[in-house]
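Okay, so here's the structure we're looking at.
Computed from the coordinates by the stated procedures, all read-outs in this text should not be read as laboratory data. Values in this document were obtained by computation on a predicted structure and should not be read as measured data. Positions of Cβ are backbone-derived with ideal geometry, glycine not excepted, and every protein chain shown enters the neighbour counts.
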Amino acid sequence: MAVRRVGVIMNGVTGRMGTNQHLIRSIVAICDQGGIALSNGDVLMPEPILVGRNEHKLRALAEAHNIERWSTDLAACLANPDDEIYFDAQATTLRVESVKAAIQAGKHIYCEKPTATTSAEALELARLATEAGVKNGVVQDKLFLPGLLKLKRVIDSGFFGRILSVRGEFGYWVFEGDWQPAQRPSWNYRKEDGGGIIIDMLCHWRYVLAHLFGEVRAISCLGAIHIPERIDEQGHAYVATADDAAYSTFELENGIIAHFNSSWCVRVRRDELLSIQVDGTHGSAVAGLRECRVQSRVSTPKAIWNPDVPNPIDFYDNWQDVPDNGSFENAFKVQWELFLKHVVCDTPFRWSLLEGAKGVQLAELGMQSWEQRRWLDVPDLSAQFLS
C-alpha cells in the first residue's frame, strides 16, 4: 500500500465556515481517519498549509489541530510545487484575485461559493481555469445533506408522478448584536463587503434546483433589509446595507414552479432550519437538512375548508419517514473527498467553477429583479462559456 500525499493550500480558514466545516470536519477528519482509500489499495492523504493575514490566529489554529504548516505569504505558498491544490474560503470580495493567482501558478482550484460578486468575474475564473488546464470545483454542500440525498432517492423512484411545485423555507433569527452576540459575522450585512442573503443563498438554490428538479429559466425576487442597524464584533453600531431576507420565485425548464423564502430575520417553527416541500400528482415530500417525509396519493386526507368548527385532521399524520438505509457523513467532507480523488485519480467531478458561475448569475439576476421589480429570464451560461 502506497500513500499518495497531496499538498493543499487553505486560504481563509480562520473564518467560521473555513475553520469548522472545511478544516476541522473535512481535512482534519480525513487525516484522522487515515486518509482516503483508493480503488487500487493506495491511500490519499491531504497535507494542508493554512494561509491567512492574521499570524496569531493561524498559529493558534495550526497548533490546536496538530498542523505543521501555516503562512501569511500566499505568493510563497503558490510558488511551492509540492502543494497542488489551492482552496479559498476568504470573504467573497477577496476571492477573485487570489484564485486568479493560483490558476496562474498552475494549482488545481477548489473554493467556496459565491466564487465572485459578479457573474462576469465568476465566468472569467471558469474560463481561466479551463484555459490553464487545471482541475477546478466549487463547494455545493447542500447536495450532500442527508435530507436532500433522501429526497433525490424519492424523486428518482418516480414517487411524485408529475412534480408540480417546490416550496423552500430557510433561515433563522440572527441576533442584532446588542443584547446577544450575532451568530453571523458583520460583513454579511454590508453590501460593500460582499454581504447579503441573495448573493449567499440564491447560489445554493440554483444548484439544488438544477440537480433535483431542472434548470432555472426565469426569476422574480424581492429582497429586504428588515433590520437596518446592527452591532459589530467590536460592539459598534453600523448601518446594514445588504439584504437580510429574500423572497424568490423560480420558473424551471420543465414547468415546475419553485418558491424559496430565505431570511436571517425569521423565528423558526418548523422541523429544521431548511424545509423543502415538493408536491406532485401522486405524492408529496418534505425534506430538511437530515430528514425526509413523504405522503402518497392514497394517504392524502380530504381537507375541507370550514373555519366554523375545529379542524378534525392532524395534518402531521399520514406522513412516512424515508429511512436512512445507510450512513451519512459531513456534507463538506464528502465533497472534499470527491475533489481530492478528482485531482489525484481523475475521477469525475461535475461541480466546476462554471457551475459556481451559474449560481452567481442567478443571484445577480435576483438583485436586478428586486431593483427593477419584474421577472427576468435566466440565459444559458453554458452557451456563453463555450462561445
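Using 32 Å as the Cα-Cα cut-off, could you pick out the over-long pairs in LYS100/LYS152; LYS57/LYS152; LYS57/LYS142; LYS57/LYS100? Walk me through the numbers before you get to the answer.
Working: LYS100/LYS152 35 Å; LYS57/LYS152 40 Å; LYS57/LYS142 28 Å; LYS57/LYS100 25 Å.
In this structure, LYS100/LYS152; LYS57/LYS152 exceed 32 Å between Cα atoms.
Provide MET10, MET367, MET45, MET1 in ascending order of the number of other Cβ atoms located within 10 Å of each residue's Cβ, fewest first.
Details: MET10 28, MET367 18, MET45 15, MET1 8.
Taking fewest neighbouring Cβ atoms as first place, the list is MET1, MET45, MET367, MET10.
Which residue fluctuates the most in the chain, going by a Gaussian network model with Cα springs under 10 Å, if the choices are SER157, SER369, SER296?
So, out of SER157, SER369, SER296, the one fluctuating most is SER157.
Using θ = phi - 60° and the Karplus curve 6.51 cos²θ - 1.76 cosθ + 1.60, what whole-Hz ³J(HN,Hα) does each residue of region 32-48 get, with Gly and Pro shown as x?
For region 32-48, the Karplus-derived couplings read 5, 7, x, x, 10, 6, 9, 5, 8, x, 6, 10, 9, 10, x, 10, x Hz, x marking Gly and Pro.
What is the sum of charges, Lys and Arg at +1 and Asp and Glu at -1, for the other residues whose Cβ falls under 12 Å from the Cβ of GLY35? Intermediate values should be presented prior to the final figure.
Numbers: positive: ARG4, ARG5, LYS341; negative: ASP32, ASP42, GLU47, GLU337.
Taking every other residue near GLY35 into account, the sum is -1.
Between ILE49, ILE219, ILE231, which gets the highest mean-square fluctuation from a Gaussian network model of the chain, Cα cutoff 10 Å?
Result for the chain, Cα springs under 10 Å: ILE231 fluctuates most.
How long are the semi-axes of the equivalent ellipsoid of region 330-387, defined as square roots of 5 times the Cα gyration tensor eigenvalues? Whole Å, largest first.
Details: eigenvalues 197, 45, 7 Å².
Sorted largest first and rounded, they come to 31, 15, 6 Å.
For PHE328, PHE250, PHE160, what ranking results if the residue with the fewest other Cβ atoms within 10 Å of its Cβ goes first?
Working: PHE328 14, PHE250 27, PHE160 20.
Result, fewest neighbours first: PHE328, PHE160, PHE250.
Grab every C-alpha pair in region 27-122, bin the distances at 5 angstrom width from 0 up to the longest one, and report whole percents.
P(r) over region 27-122, rounded to whole percents: 2, 12, 19, 21, 20, 15, 7, 3, 0.
Using only the Cα atoms, work out Rg/Rh for the chain, with Rh taken as the Kirkwood radius, to two decimals. Provide the component values of the computation, followed by the final result.
Values: Rg = 22.0 Å, Rh = 22.4 Å.
Taking Rg over the Kirkwood Rh, I get 0.98.
Among ALA132, ALA240, ALA89, which one shows the biggest mean-square fluctuation in a GNM of the chain, springs joining Cα atoms closer than 10 Å?
Per the Cα network of the chain with a 10 Å cutoff, ALA132 tops the list.
With the Cα gyration tensor of region 244-287 giving a ≥ b ≥ c as the square roots of its eigenvalues, does the rule (a/c under 1.5 for rounded; else a/b larger than b/c for prolate; else oblate) give rounded, prolate or oblate? Kindly include the intermediate steps, with their values, before the conclusion.
Values: a/c = 4.19, a/b = 1.38, b/c = 3.03.
Here region 244-287 falls in the oblate category.
In nm², what is the average projected area of the convex hull enclosing the Cα atoms of region 49-89?
Details: hull surface 11.8 nm².
Orientation-averaged projected area of the Cα hull: 3.0 nm².
Mind running the shape call on region 267-387? Use the C-alpha gyration tensor, a ≥ b ≥ c as the square roots of the eigenvalues: rounded below 1.5 for a/c, prolate if a/b tops b/c, oblate otherwise. Walk me through the numbers before you get to the answer.
Details: a/c = 2.71, a/b = 1.47, b/c = 1.84.
The shape class here is oblate.
For region 273-370, run through the GluC sites (Glu not before Pro) and keep only the ones in DSSP coil with at most 15 other Cβ atoms within 10 Å of their Cβ.
Answer in residue order: GLU329.
With a/c under 1.5 counting as rounded, go ahead and sort region 215-319 into rounded, prolate or oblate using the C-alpha gyration tensor (a ≥ b ≥ c being the square roots of the eigenvalues; past the cut-off, prolate if a/b is larger than b/c, else oblate). Let's see the in-between values first.
On the way: a/c = 2.42, a/b = 1.71, b/c = 1.42.
Prolate shape, in that a/c is at least 1.5 and a/b is the bigger ratio.
Equivalent-ellipsoid semi-axes (√(5λ), Cα gyration tensor) for region 54-213, whole Å, largest first?
Details: eigenvalues 199, 110, 57 Å².
The equivalent ellipsoid of region 54-213 has semi-axes of 32, 23, 17 Å.
On a full-extension model of 0.36 nm per residue, what is the gain between ARG290 and ASP32, subtracting their alpha-carbon distance, rounded to one decimal in nm?
The span from ARG290 to ASP32 would gain 90.5 nm if fully extended.
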